[in-house]
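These notes concern the structure reproduced below.
Throughout, read-outs are computed from the coordinates displayed, never taken from laboratory work. Everything numeric here is computed off the predicted structure, so don't read it as measured data. Cβ placement follows ideal geometry from the backbone for every residue including glycine, while neighbour counts extend to all protein chains displayed.
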Amino acid sequence: MATQAKVYRATPPLEQWKKDSAVSLARRSDDTILTRIDTLIDEYGKCQDGYVKIQLKADLFFTLDYWLKDVKRHSSMNKGRTPAIYGLYQFTAETLAQSLGTTVNVLPEYLERHFGRRLSYHGEHLDVLGQAAIYLSRAEVDKYRLTFRKGKAYMFTWPGKGIEGAEKNAGALSLVLADSSTATSPVFNKSANWGGFAMSMGRELYMARHHCRKGFGDEGNFYHSSYLAGEPVLCAGTIKMKNGIIAEVCNDSGHYRPDARNFIGFLQTLQMHGVNIASVVVGDYSGALRANGHHFLAAQGNWARAALTGQASVFAANENAKASYGGEKRHEQQIIARMYREAVAAGLAGESREERQYFCERLQGFIKVGANGATNQPFAPFVNTTWMMQAIDRFYRPAPAPIHQKLPPPPVPARQPMVPGRNPPPPPKPGPRLPPRP
């Protein structure tokens, strides 16, 4: 593909681009993503603002990348346009990297850091320390991927979809208009029309029913991190759609804690698929933001300015989330420390680190199951032994260091005395000498 790619030295004007990517007996209007590429090139040629041009180039990079993936999946897309699109993709990647002060090799990581969202401190606590999430493979997650046709979303369905225990045994898949009510879950504390979703850095949109059984391993919980095995996302939260028409989207994902900036990539993806974003309402989990997609992008859609001024750093956002998470859980940690203090005073727990760990393991089991069989105990979503040990060290007192006693060297066994009246065996006699070699 690289040898056949057209070489570009500048972003071509729209008319030149249409000529380069033209294929006989093929209509451009049949290719929604190609139409979006045309729109971005036209807007880029007319734009005078430097930040906006970087924004358009980033959008163009993601769109070209998606076309190159999608052409392999759909026979309706004309492969004859590949040389022009791949050539423009190479040029866009190189110039975007220069504009952002990086290189092509690390451009995906740079976009991931500033345009995506990593697991929050809360998500890492559950998935990494707690090992409580189900992670899907690429083959497993593909059946939850939404596809788009003429601005409408379609989803795969199969007998037993949405029923725990039947998800992995998917039979013949059929494509139907997407409906978020099939992915509703009591985990979200919303109406039955909302379903969980996550969008990958490659602009793939996934929707599935989430569940929280407070289990581990194969019988664990399906979170927002389950779709992409904890990898960064463009956006995650809940979505409401019916008959393939997206009505609302919210960024209420505790695992990723996306903010309003993450709606930019989400809305640009919908535009790429031909969705009318003026009819899509975006809102954050706090309720402070509620606007239609068109007005949101017009007011806050300049990701490039935020990225270059350091405002969009996901690492800074994660540090803020970590501080917020620690403040929220301070009260719970104090309760754990108080329970331990009372157990020590009653003679039910010891002070050594091993005794503390035993206490935490017993307490962890009690919290998860509940004394009365209830499953909604206050610490169940995030508690683990390490977290409880840290709480006791912080709010009670640090565990005493283990005492290492210097053991004496092992005794040297005494030599066995000779038996009286018995002489030692005589030394072996030398054998006959060998004759000289002839």
* To do: Residues in the range 245-284, backbone N under 18 Å from the label point at Y154 (7 Å along the Cα-to-beta-carbon vector): list them, ranges by number please.
  => 245-246, 270, 272-276
* Structure fact -> Net charge near T82 (other residues with Cβ under 11 Å of its Cβ; Lys, Arg +1; Asp, Glu -1) is +4
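To the nearest 20 debye, what is the magnitude of the charge dipole of the range 14-105 about its Cα centre, counting +1 on the Cβ of each Lys and Arg and -1 on the Cβ of each Asp and Glu?
Details: 13 positive and 12 negative charges, 63 e Å.
Dipole magnitude for the range 14-105 comes out near 300 debye.
Starting from the Cα-Cα distance between K6 and T102, subtract it from 0.36 nm times their residue separation and give me the gain in nm to one decimal.
Values: separation 96, 0.36 × 96 = 34.56 nm, distance 2.39 nm.
Net length gain for the segment: 32.2 nm.
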* For labels at D20 and I335 in the simple 7 Å Cα→Cβ model, what's the distance in nm? -> 6.1 nm
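What FRET efficiency comes out for A345 versus Q131 if R0 is 25 angstrom and r is the Cβ-Cβ distance? Round to the nearest 0.05.
Details: r = 33 Å, r/R0 = 1.32.
The calculated FRET efficiency here is 0.15.
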* **Over the range 14-105: Kirkwood hydrodynamic radius from C-alpha pairwise inverse distances, Å** => 13.7 Å
* **Contour excess over end-to-end distance, with Cα ends at A260 and Y285 and 0.36 nm allotted per residue** => 8.0 nm
* Relative contact order (%) - criterion: Cα under 8 Å, at least six apart; region: the range 217-265 -> 32 percent
* Computed FRET value (nearest 0.05) for Y110 with R362, which takes r as the C-beta separation and R₀ as 41 Å -> 0.30
* Structure fact -> In the neighbourhood of E351 defined by beta carbon distances under 15 Å, the net charge of the other residues (Lys, Arg +1; Asp, Glu -1) is 0
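Take each of the peptides 272-285, 193-206, average the number of other beta-carbon atoms within 10 Å over its residues, and list them starting from the highest.
For the peptides 272-285, 193-206, the packing ranking is 193-206, 272-285.
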* Alpha-carbon Rg with Dmax, taken over the range 116-301, Å -> 15.5, 45
* Over 20 Å (Cα to Cα) - which of K152/K242; K6/K69; K6/K79; K150/K190 fall in this group -> K150/K190
